[in-house]
Amino acid sequence: MKVEIKVSSNCNLCGLCVETCPTNVFQIVNKKLTVNEESCIYCRGCEAICPQKAIKLEALDEGLEITITQTLTTLITPLK
Ligand code: SF4
Ligand code: SF4
């Protein structure tokens, strides 16, 4: 899944997102928060834990919706 991660200027570098993210998307390097969006699995833990509400996530993968629709169609078709 492709996820766009935006961190606002409210970030105070507390490091909670760095500790929380299971796939190490965040790192603090030279007093800056770096973000590796490619590794994000969209668990949304960082968004929930950020005390500054500085993280905004947006899932960009339209393929997920197609997969869900196809799965529903597959499940519903035999019932017709
Ligand atoms: S949890 Fe929020 S405030 Fe803390 S470092 Fe991450 S983005 Fe910044
Ligand atoms: S949504 Fe989950 S995987 Fe993605 S950056 Fe946040 S904590 Fe890491």
Length gained if Leu57 through Cys14 is fully extended, taking 0.36 nm per residue and subtracting the Cα-Cα distance, is 13.6 nm
Summing +1 for each Lys or Arg and -1 for each Asp or Glu, what net charge is found among the other residues whose Cβ lies under 14 Å from the Cβ of Asn24? -3
If packing is taken as the average count of other Cβ atoms within 10 Å, what order do 10-20, 28-38 fall into, highest mean first? 10-20, 28-38
How much net charge surrounds Cys50 when only other residues with a Cβ under 14 Å from its Cβ are counted (Lys, Arg +1; Asp, Glu -1)? +2
Can you compute the modelled spin-label distance between Ile49 and Val29, with each label point 7 Å from Cα toward Cβ, in nm? 2.1 nm
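Every number in this text was worked out from the coordinates using simple rules, so none of it is lab data. Being a predicted model, the structure only gives us computed values, none of them experimental. Every residue, glycine as well, gets a Cβ built from its backbone with ideal geometry; the counts of neighbours run over all protein chains shown.
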